[in-house]
Structure formats: structure tokens, C-alpha cells
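Notes follow once the structure below has been shown.
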Amino acid sequence: MRREYLYRKSLEGTERQLYEKKLKIRQSLAEGKPIPTELRNEEAALRQEIDLEDDQTQELKSTIDDEYSNAGIENPKILLTTSRDPSSRLTQFVKELKLIFPNSQRINRGGQVISEIVESCRAADFSDIIMVHEHRGVPDGLIVCHLPFGPTAYFGLSNVATRHEIKDKSVLGTVSEAYPHLIFNNFNTKLGQRTCNILKHLFPVPKADSKRIITFANQSDFISFRHHTYEMKAGVKSIGLTEIGPRCELRLYQIKLGTMDQTEAQNEYVIRPYMNSARKRTAL
């Protein structure tokens, strides 16, 4: 499967050239202009292919489209783990993340290396691995690795507040296990849509009557994560929100086109020094 994936990836350049040739012929036919000279020898074969295409098949596909081809067909199955020798606060945070992500399982890292974890998850048909890191007892990093071939997104964590650290006493109760509705705000760029795609496929499709809401709100490339439940107030045209927790801020700093154990995998995006030197320049 890995060899097949790499083979399809190697064909992307050829398929793009063919797509651009077909696009030139479509534009020439639509505008009533003559076919470009360099395409006249291939015109008959290309027009035959164009006649057989529809709205779906004429679009250019890539290996990135194949990464989540089963999304929506099967519910995601997620493994949650930590860095080695986690502190009590990191352990508590990961336990709360287990309540956030439906169909997730938490394991103690122990002495397992990353390559062993990835291979075990592939064999057990896990769709994603989420690993949380810390610095001196403070959670500071989160890795989302999609299986079997990637991508892997690396996020920095800041302002982490677990459920018992939120002041509102009404938060301390049971957490609903209903599949949550998702809200993504201000993911406008191509990289923002890519990040949105990685995050949203960690959650299964919710039912219409679900009262849980997970929010990812982007502002200046910092993604605010919030978890709420809502209820309609009787006789009033308003909605009552209750924060459930936990809450944190995420900062995307790398996307790799591979799994977390593949050090040779190609980087799709890496944050660099001075990338945000312009006041209005944002990546997401």
C-alpha cells in the first residue's frame, strides 16, 4: 500500500500536465478560438477524453485527496498517548481529551518508541494518533498523525486550562458522549483549509439533535479551542451556552506528508523565523 501511494504521488506531475492541456482545449472551444498549435497533434485523443468526463472526473486529483477518502464512511478511531513519564497534569489533560474525541482510546506510553506505536495502530485499524507533550508539567505540544500514510500536523499548546481549573462550578459534571457539532471560524487561506481538514476528520458525523459544540476559532494564526453545550431557552429567541472544558490555544508550526515516525517525509508547511514580521501577514 505504501509503494502504491508513492507511485500515485510520483504521477502527480504527469497528471497535472495532462489536466492543463485539457483545460486549454476547453477554453479554446468555449471561446471559439483555434486550438493552440502545440496541442494540435494530441487534439483528437484529448477531446475524446474530455467527452467522457463529467463534473467530478474532470477535476484534478492528488494524493492529498486520497488521505481522507474514507472520511464520513467510517467513524475515526483515535489513539491518545503522551510523552514518556507524564506528569499528573498532563495525564489529567489527556483523560479530558478522551472525553473530547469520540471513539478514542488512551494508552500509557511506557517504553514504547514512536515507530512501534505507529505499526501497532496500523495493525489495529486506527485512523489517527494524537500525542501530547509537556515542558515542566505544562502541556506545550500536540501531534496529530493520520494513518496509514499521513499527514502529520504539529501544534504548539498554550493557555491550557483543564476542567477543574475553569472557575465556573457548573462545568464540573458529566460530559455528554454525543458526537459534537463543529464550528471552524476564520480559516480562509489554502493552509487554513488544510488545517481545518485535518482537525475536522478527528470527529465523526453528529446527529442533528446533538447539544455539544466544539469550536476552533482562528485569530492571528492562534487557534482557540472551546467545548460547550447549548440549550434553547423556552419562550426566548436565544441560546444558553455552558462551557464544559478543557480549553487551550493551538499554534500550527509544521505539516509533514507522512507519519510521525518518518523522519524523511516531505514538509508541506514549516513555520520559519520572521514569517510574521509583517503585522497583517497570516498563514491560516
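Quick look at the values:
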item	result
Residues of segment 70-81 satisfying the condition of being under 20 Å from ARG122 (Cβ atoms) and of a type outside the set (D, E, K, R)	ASN70, ALA71, ILE73, ASN75, PRO76, ILE78, LEU79, LEU80, THR81
Subset of segment 127-165 that is of a type in the set (A, V, I, L, M) and more than 15 Å from ILE117 (Cα to Cα) - its residue that is surrounded by the most Cβ atoms within 10 Å (Cβ to Cβ)	ALA153
Pick from segment 135-153, criterion free of Cβ contacts under 8 Å to residues at least 60 places away in the same chain and in contact with a Ser or Thr (Cβ under 9 Å, 6 or more places away or on another chain), ranking: nearest to ILE198 (Cα to Cα)	VAL144
Matching entry among PRO76, PRO34, PRO86 (being at pLDDT 80 or above and closer than 17 Å to LEU147 by Cβ)	PRO76
Count - residues of segment 76-106 that are surrounded by 14 or more Cβ atoms within 10 Å (Cβ to Cβ) and part of a loop (DSSP other than H, G, I, E, B)	8
Complete set of residues in segment 125-167 that are outside any strand (DSSP E or B) and either within 21 Å of LEU257 (Cα to Cα) or within 21 Å of the chain's Cα centre (by Cα) (or both)	ASP125, PHE126, SER127, LEU147, PRO148, PHE149, GLY150, PRO151
Any pair with Cβ under 6 angstrom, 6 or more apart, that starts in segment 191-217 at a residue that is over 19 Å from LEU241 (Cα atoms) and outside the structural domain of ILE100 (by TED's automatic domain parsing) and ends at one that is of a type in the set (Lys, Arg) and modelled with pLDDT of 95 or more	none
Odd one out for ILE73 among (1) surrounded by 14 or more Cβ atoms within 10 Å (Cβ to Cβ); (2) among the hydrophobic types (A, V, I, L, M, F, W, C); (3) outside the structural domain of GLY258 (by TED's automatic domain parsing)	(1)
Residue satisfying all of: in segment 230-275; polar (S, T, N, Q) and touching a Gly at 6+ places or on another chain (Cβ under 9 Å); farthest from LEU97 (Cα to Cα) among these	GLN266
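The values are calculated or read from the model by the stated rules, or taken from the named source; none is laboratory data. Because the structure is predicted, anything quoted here is derived from the model rather than measured. Cβ coordinates were reconstructed from backbone atoms using ideal geometry, including for glycine residues, and neighbour counts include every protein chain displayed.
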